Amino acid sequence: MKDLLFLAHRIPYPPNKGDKIRSWHLLRHLAERYRVHLGCFVDDPEDRTHEPVLRALCASCHFARLDPTLARLGSLRGLATGQALTFAYFRDAGLTEWVRATHAARAVAVQFVFSSSMAPFAEAAGDFRGRRIVDFIDLDSDKWRQYAMSGRAPMRWIHGREARLLGEAEVAIAARASASLFVSEAEADLFRRRPGVAAERVHGLGNGVDLDYFDPRRDHVDPYPAGGPVLAFTGMMDYRANVDAVLWFAAEVLPAIRARHPEARFAVVGAKPDPAVRRLAGQPGVIVTGRVPDVRPYLAHSAVAVAPLRIARGIQNKVLEAMGMGRPVIATPQAHEGIDAGRDAHLLVADDAAGLAAQACRLLGDRAEAEALGARGRRLLLDRYAWESRLAPLDGIIERAPAVFPAMSSETRSLDRSWEGRA
């Protein structure tokens, strides 16, 4: 077996949030084909208990501790240095040295860089001339652009600055990669259109769903208190896009639903709820769970799963998981983007608050239609979204990628100032 370096901005286990779901399945896929050396950050102390799982899977591991509060403060140095704050946030001399030592000790054939924020650590091995695969997941720079559009001063300026600098860095990183991956063809096409991007080295590699785990035939005890039908939202609740979604839904959509279905309830299921989200628990008909050991019971006993995201990039795992559990899903266009599922055929899509409320009332009023919609969504995933089939193209992408990534051009050097010096 050849050696592969896998760098991730967050420990890939347990697979309990969007990026970790993807990184875990990628890691398992690659570990069947390479001797994997894993370097990653751990930003949640509870995740350290899972390190033995990864040590058993990988030939070697390095876990760099990251305190989110200190990292946010440290990222402000980027304002003085001209760096994107993303790169100033992820700094660790120990991880940098481990990358160098790993390359010095063995002939690493492939670097797999999970998220653009880890690219500077890959550069620590300055003489590396193997294949470098960068999984951007989605376009983070566009997420910051959306934040800037919806924010107020001074954050509008900071987010706009981050969108610009990170966008420049994404192009520079791709120029020094053998191949660039994105979570959907829509994301890949968006990146291919950027000036300076080699379109032939950009690939869409979609997420899948563990359909044995998310199986509606399993029995789950009802976790909800007695009451009316539940519309469930799942996700990490300290993530800005999720916070925006549930606050908007509770304020603009739920009242219209409860006007027609007074017993209907909205459940916000996910760890680390933002203070504004916790306050929703005082609103009639709203349940805020906080961290739960298993999201499946909350989906299994919901009448409808909702994904009212207004800020989104890539593929929403929450939508795929709900469909995997056979639940009828109502989503905004932003949450639907990147998922190969037909409107009305596999899920319902609404453009605004009134549309979401109308679709929810439609499903709450016709349980047979709701269950039929959920069943069609589940069948679609069985046909197209098993992880094994979704990741099958990766082997060919790596094999066909140029063995020596391109040297930096003068144009790339000028772009590189937004993330240089990170190693």
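The values are calculated or read from the model by the stated rules, or taken from the named source; none is laboratory data. For clarity, every value in this text was computed on a predicted model and none was experimentally measured. Glycine also receives a Cβ, built like all others from the backbone with ideal geometry; neighbour counts cover every protein chain displayed.
Looking at 327, 310, can you tell me which residue is among the charged types (D, E, K, R), crowded, with 24+ Cβ neighbours inside 10 Å and either touching a His at 6+ places or on another chain (Cβ under 7 Å) or in the same structural domain as residue 235 (by TED's automatic domain parsing) (or both)?
327
What are the residue pairs meeting all of these: first residue in the range 285-313, first residue more than 17 Å from residue 228 (Cα to Cα), second residue in a loop (DSSP other than H, G, I, E, B) and acidic (Asp, Glu), Cβ atoms under 9 Å, and 6 or more apart or on different chains?
The qualifying pairs are 296/215; 312/138; 312/337; 313/138; 313/337.
Within the range 261-276, does at least one residue satisfy the condition of being crowded, with 20+ Cβ neighbours inside 10 Å and basic (Lys, Arg)?
yes
Can residue 241 be described as of a type in the set (A, V, I, L, M, F, W, C), surrounded by fewer than 22 Cβ atoms within 10 Å (Cβ to Cβ) and at pLDDT below 95?
yes
Is at least one residue of the range 53-75 touching a helix residue (DSSP H, G or I) at 6+ places or on another chain (Cβ under 8 Å), touching a residue at least 60 places away in the same chain (Cβ under 8 Å), not in a helix (DSSP H, G or I) and not assigned by TED's automatic domain parsing to the domain that holds residue 312?
Checked the range 53-75: no residue is touching a helix residue (DSSP H, G or I) at 6+ places or on another chain (Cβ under 8 Å), touching a residue at least 60 places away in the same chain (Cβ under 8 Å), not in a helix (DSSP H, G or I) and not assigned by TED's automatic domain parsing to the domain that holds residue 312.
Which numbered condition trips up residue 20, out of (1) assigned to a helix (DSSP H, G or I); (2) free of Cβ contacts under 8 Å to residues at least 40 places away in the same chain; (3) in contact with a Leu (Cβ under 6 Å, 6 or more places away or on another chain)?
For residue 20, the failing item is (3).
Tell me, which helices (runs of 4 or more DSSP H) lie completely within the range 259-352 with 1 or more residues that are within 16 Å of the chain's Cα centre (by Cα) and among the β-branched types (Val, Ile, Thr)?
Hits in the range 259-352: 317-324.
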